[in-house]
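Engineer: Next up is a structure, given as structure tokens.
The values are calculated or read from the model by the stated rules, or taken from the named source; none is laboratory data. Predicted model, so just to flag it, every value in this text is computed and none were measured. Cβ sites come from the backbone with ideal geometry, for glycine too, and all protein chains shown count toward neighbours. Protein only, heavy atoms only, side chains kept; ligands, DNA and RNA dropped before computing areas. Shrake-Rupley method; radii C 1.70, N 1.55, O 1.52, S 1.80 Å.
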Amino acid sequence: MSNEILHERIAKQFTELWTTPPEVPAYVLDNLKHELRPYQRQALSQFIFTQELENANFDYNHLLFHMATGSGKTQVLAATMLYLFKEQGKQNFIFFVNSDAIIKKTYDNLTNTNSSKYLFNTNGIVIDGNRINIQLVDVFPTIPDQHTIYLKSTSIQKLHGDLTEPKENTLTYEALKELDIVLLGDEAHHYFADTKRSKKKLTAAEQAARTWEKTIDNLLRLRPGNRLLGFSATFNLTNDILYHKIKDHIVYQYDLGLFMDEGYSKNVMLLRANEDDETKMLYGILLSQYRKYVARDNGIDLKPVILFKSNTIAISLQAHEMLNNLVNQLSVRQLQQRVHAGYATYQRASSIWSKMFAYFKEMDLGEVIRDLQWDFAEGSILNANARDFLSEDNALLLNSLEEPNNPIRAIFAVAKLNEGWDVLNLFDIVRISEGATETKNTTDSEAQLIGRGARYYPFAYEDEQSFTRRFDYSVDNADLKIIEALHYHTINDNAYIKNLEKSLKAAKIQVQEDEYERIEAKIKPSFKKHPIFKSGKIYINKLIPTTVDDYDSLEKYNVFPSYEVPLQTAIEHRYDKEVKDTLDTRTHEVTWKVDQMYIQKAIQRKPFFHFNNLREYVPSISSMKTFIEEADFLGELKLHVSLPSKLNMKDISPMEKLKMVERFFDYMERGIRNNYMKEKGTPVFEGVSFSKLVNNYHVELNKVNERISNMNEYKKTRNMREHDWFIYDKAIINNWESSFIDFINDYIDELKEKYRDVYLIRNERKVKVVEIDGTRGFMPDFLLYLQDDECTYQVFLEPKGDHLRLEDQWKEDFITSLTARDDVEVLTENEDVRLLGIKFYSETPNLKDIFREDFKEKLL
């Protein structure tokens, strides 16, 4: 039998001529809230492949998804539910995990349409024209409704207890013998014993794992049609016993190294701190505020969260009190001394600290302190060390940190947050030094926490939303790298650092040091003398203003004045335990036509909606009266509020009503900011002087910790002095861009035979084109500038990683359409200019063939 894991064997089969990888069905894609990423599609394709085989009931009834923290395992889980329901008629699903907090979180993800993290289409699940419901149950019905998915959500401990000691209204082996079931195991690494059968003395954890594994296996074997799907980021494949136990079950593997390589995570930066804990905490919150200010300066909405990690609860509580005292007692004089000392220490260093202290040196420190005391007030800090902390309410608060109405900026913790914590806006982890240990177990736990914090925070910048990093190699926006980085403030102890590096390497977390180097690429002197540089033009399309008619209603911004307010937001902490205990079962929805007084008060409290500012984004309004009263805007604003059955809107206080309205206003502001564009593209291209758009440029590159990382896609320099067709003395490029340059070099002789002048230009965020009749713009990575005796050709070229092809397909469609469109007009004085776009370059063999054919057909 092969020693390869199942994933590798399937991936190899997919490359063979006689195997056609299955597509993810449309009904799966249509019924998910979020578009699947390429690797999630691949995971589902490999899963579906196994289920279409004749021996699926025997060889592929137990499958595991080994996917990085933050990669969207639960999204894949939701997709498998839809597939198994439609294709195999599976209706009974048991979701189990070893933590009550994860049960509540997953309940929200799978069933609560009001949750921001709900995974299915919020308009409802529809398959074959039938609306499908997901119903939570304690036991499965004997006569099920054919359009219902029944979901039992439980802990593995409770599931095992119910089956071994049957009680009324619980699952039993006897009842389950009559039903096909699907077992969905989250954090599935807990359920596999990794010890030899002959081992006589087991730890409590080992004994529990064996017991749970047997229970799960018993359930799976009840019927041939049963399925067991497990999801985890941390199967220990270095353990030989475990590896051989699960290698034939891992249907898909996507590790953290690849996840980070492809830009789906923050960059992880180590900050080695020699300071005492109080100073380290102050610097931590200052760095968090600096991040917030940089985001604000660039029109980005960001509430960064900081985690203070201790070894014991007592030390964590002390640190919490220390931070409260530090913030409350901080004076302008004290902060001024800290900032000046920090600036003097780091001003010559290539470090994030040099940038931060230089920034604060120019600020009003009184304003900085007021912000600190507001943002880090006691109500904005969570201490996760209380015995009852991971209650349902706190679990929801902890898993909604990104929400605008969630006030939390800082969290103190020891070990409760390593699993099941979905957080995107954690940007700093500060390791409290006191009581710290340097053991491998400690650093393994910290590596796991860093992996959770490394999840990317998607945000809109220049009217474009991104789910992958975009400033790694930015020239003009290097300061924005801080919004795409997680800083881990370590203890500067050699033994600790050595173990931490081992733990990070084992977890495949790619780490950069807080040190960068500036690399400059210069235009070759010979090219500066060339007539193309002196008098040539680069052609970009003209832009025209969007009109008032383009934005004459909220719907034009994709904002709708009919808005749902979930239960937790509606009632907050006001109502007694008896009412709270009924939240999950006895609720009703109340539609509230919002009174103008609440709209006017929300406008007063939200500076974005003050008329002078709002008019910049909503040009069709002539007054606030228009905005408040007209049906196209707020005149028909309705909130659909979910309330306990005992309550109605008259029971809700005015302040709580105002908070609901402000929640809608936050949603409306994001929609208006993200969707308003002042200009759109035209098919008319005009020349801009070459020397204006093509200059020397520099890139700041963080140094990679080579002891930890094995990064494939970080930038490197390549000497280009001997290549007269490349206009710069060096290329600052990643691996697939280097491969693209190799391709051009292979064809350079043929190009020079056909054209008098051949020059490849690296575009560093200078040449921007905008889609015709649209507002999306982009900056192609390369321009190929060709001239023969009759014509000048400007060719748009873009190497593209496969993980970005789907979301960037519109760019390829746009540049390749330039050749065929009849309405494209190039304004020139006395020369014939043609614009050409070539399909994306890829290193994947079949896609590279497509690029090669397009390149040769259009240019050779």
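Engineer: Those residues that are open to solvent by 10 Å² or more (accessible area, probe 1.4 Å) and modelled with pLDDT of 90 or more, I need them from segment 769-784; list them, please.
Structural biologist: Matches in segment 769-784: D781 only.
Engineer: Right, next: Need pairs with beta-carbon distance below 8 Å; first residue among the hydroxyl-bearing types (S, T, Y) and within segment 317-333, second not in a loop (DSSP other than H, G, I, E, B); sequence gap 6+ or separate chains.
Structural biologist: S331/I369
Engineer: Could I ask something else about it? I'd like to check something: does segment 283-298 contain any residue that is under 13 Å from Y488 (Cβ atoms) and among the charged types (D, E, K, R)?
Structural biologist: Looking through segment 283-298, none of the residues is under 13 Å from Y488 (Cβ atoms) and among the charged types (D, E, K, R).
Engineer: Which condition number in (1) at pLDDT below 90; (2) open to solvent by 10 Å² or more (accessible area, probe 1.4 Å); (3) small (G, A, S) is the one that A68 fails?
Structural biologist: Among (1) at pLDDT below 90; (2) open to solvent by 10 Å² or more (accessible area, probe 1.4 Å); (3) small (G, A, S), the lone unmet condition for A68 is (2).
Engineer: Take Y793 and tell me if it is of a type outside the set (S, T, N, Q), within 30 Å of Y254 (Cα to Cα), buried (at least 16 other Cβ atoms within 10 Å of the Cβ) and in contact with a strand residue (DSSP E or B) (Cβ under 7 Å, 6 or more places away or on another chain).
Structural biologist: Here the answer is no, as Y793 does not meet what is asked.
Engineer: Restricting attention to segment 281-293, report how many residues are out of contact with any strand residue (DSSP E or B) (no Cβ under 8 Å at 6 or more places or on another chain) and open to solvent by 10 Å² or more (accessible area, probe 1.4 Å). Write out each step before concluding.
Structural biologist: First pass over segment 281-293, keeping only residues out of contact with any strand residue (DSSP E or B) (no Cβ under 8 Å at 6 or more places or on another chain): 282, 286, 289-290, 292-293.
Of the ones still in play, those that are also open to solvent by 10 Å² or more (accessible area, probe 1.4 Å) are 292.
So the count comes out to 1.
Engineer: In segment 660-694, which residue that is of a type in the set (A, V, I, L, M) and open to solvent by less than 10 Å² (accessible area, probe 1.4 Å) is nearest to K529 (Cα to Cα)? Spell out how you get there, then give the answer.
Structural biologist: In the first step, residues of segment 660-694 are kept if they are of a type in the set (A, V, I, L, M); the result is 660-661, 668, 672, 677, 684, 688, 693-694.
From what is left, the residues that are open to solvent by less than 10 Å² (accessible area, probe 1.4 Å) are 660-661, 668, 672, 694.
On the way: M660: 64, V661: 63, M668: 53, I672: 48, V694: 14 Å.
Once the filter is applied, the top-ranked residue is V694.
Engineer: Still on this model: Restricting to segment 727-766, give me the number of residues that are closer than 22 Å to K537 by Cα, open to solvent by less than 20 Å² (accessible area, probe 1.4 Å) and without any contact (Cβ under 8 Å) to a residue 60 or more places away in the chain.
Structural biologist: 4
Engineer: Report whether or not L835 is over 21 Å from S739 (Cα atoms), open to solvent by less than 30 Å² (accessible area, probe 1.4 Å) and over 33 Å from the mean Cα position of the chain (by Cα).
Structural biologist: yes
Engineer: Considering only residues of segment 819-836 that are out of contact with any Pro (no Cβ under 8 Å at 6 or more places or on another chain) and outside any loop (DSSP other than H, G, I, E, B), which is farthest from E16 (Cα to Cα)?
Structural biologist: L827
Engineer: Among the numbered criteria (1) outside any strand (DSSP E or B); (2) closer than 17 Å to R834 by Cβ, which single criterion is violated by Q794?
Structural biologist: Every condition holds for Q794 apart from (1).
Engineer: Let me ask you something else. Quick one: which strands (runs of 3 or more DSSP E) lie wholly within segment 698-762 and hold at least 2 residues that are at pLDDT below 95 and touching a helix residue (DSSP H, G or I) at 6+ places or on another chain (Cβ under 8 Å)?
Structural biologist: So the answer is 716-719, 730-733.
Engineer: Does segment 50-62 contain any residue that is open to solvent by less than 20 Å² (accessible area, probe 1.4 Å), of a type in the set (A, V, I, L, M, F, W, C) and farther than 27 Å from L804 by Cα?
Structural biologist: yes
Engineer: Another question about this same structure. Take K542 and tell me if it is free of Cβ contacts under 8 Å to residues at least 24 places away in the same chain and open to solvent by 20 Å² or more (accessible area, probe 1.4 Å). Step through it out loud before you land on a result.
Structural biologist: Numbers: free of Cβ contacts under 8 Å to residues at least 24 places away in the same chain: no; open to solvent by 20 Å² or more (accessible area, probe 1.4 Å): yes.
Taking the combined requirement at face value, the residue does not satisfy it.
Engineer: Every residue in segment 638-659 that is open to solvent by 10 Å² or more (accessible area, probe 1.4 Å), closer than 13 Å to Y563 by Cα and not basic (K, R), please.
Structural biologist: H640, S642
Engineer: Can you spot a residue in segment 838-848 that is aliphatic (A, V, I, L, M), open to solvent by less than 70 Å² (accessible area, probe 1.4 Å) and either in a loop (DSSP other than H, G, I, E, B) or under 21 Å from D788 (Cβ atoms) (or both)?
Structural biologist: Within segment 838-848 (the criterion being aliphatic (A, V, I, L, M), open to solvent by less than 70 Å² (accessible area, probe 1.4 Å) and either in a loop (DSSP other than H, G, I, E, B) or under 21 Å from D788 (Cβ atoms) (or both)), the answer is yes, since at least one residue qualifies.
Engineer: Of all residues being at pLDDT 80 or above and touching a Ser or Thr at 6+ places or on another chain (Cβ under 6 Å) in segment 409-442, which is nearest to V661 (Cα to Cα)? Just the residue, please.
Structural biologist: R409
Engineer: Does V268 fit the bill of being buried (at least 23 other Cβ atoms within 10 Å of the Cβ), hydrophobic (A, V, I, L, M, F, W, C), under 30 Å from L220 (Cα atoms) and touching a residue at least 60 places away in the same chain (Cβ under 8 Å)? It would help to see each step written out before you state the result.
Structural biologist: Details: buried (at least 23 other Cβ atoms within 10 Å of the Cβ): yes; hydrophobic (A, V, I, L, M, F, W, C): yes; under 30 Å from L220 (Cα atoms): no; touching a residue at least 60 places away in the same chain (Cβ under 8 Å): yes.
So V268 does not fit the description; no.
Engineer: Scan segment 353-374 and report the pairs whose first residue is closer than 11 Å to Q289 by Cβ and whose second residue is in a helix (DSSP H, G or I) and open to solvent by 20 Å² or more (accessible area, probe 1.4 Å), with Cβ atoms within less than 6 Å and a gap of 6+ or a chain change.
Structural biologist: That search, which allows pairs on different chains as well, returns nothing.
Engineer: A follow-up question, please. Can you find even one residue in segment 271-280 that is crowded, with 21+ Cβ neighbours inside 10 Å, of a type outside the set (G, A, S) and within 19 Å of K505 (Cβ to Cβ)?
Structural biologist: Yes: one or more hits.
Engineer: Surrounded by fewer than 17 Cβ atoms within 10 Å (Cβ to Cβ) and in contact with a strand residue (DSSP E or B) (Cβ under 8 Å, 6 or more places away or on another chain) - does that describe any residue in segment 10-29?
Structural biologist: No, the conditions are met nowhere in segment 10-29.
Engineer: Would it be correct to say that D128 is within 23 Å of Q51 (Cβ to Cβ) and either more than 27 Å from the chain's Cα centre (by Cα) or not charged (D, E, K, R) (or both)?
Structural biologist: Values: within 23 Å of Q51 (Cβ to Cβ): yes; either more than 27 Å from the chain's Cα centre (by Cα) or not charged (D, E, K, R) (or both): yes.
Taking the combined requirement at face value, the residue satisfies it.
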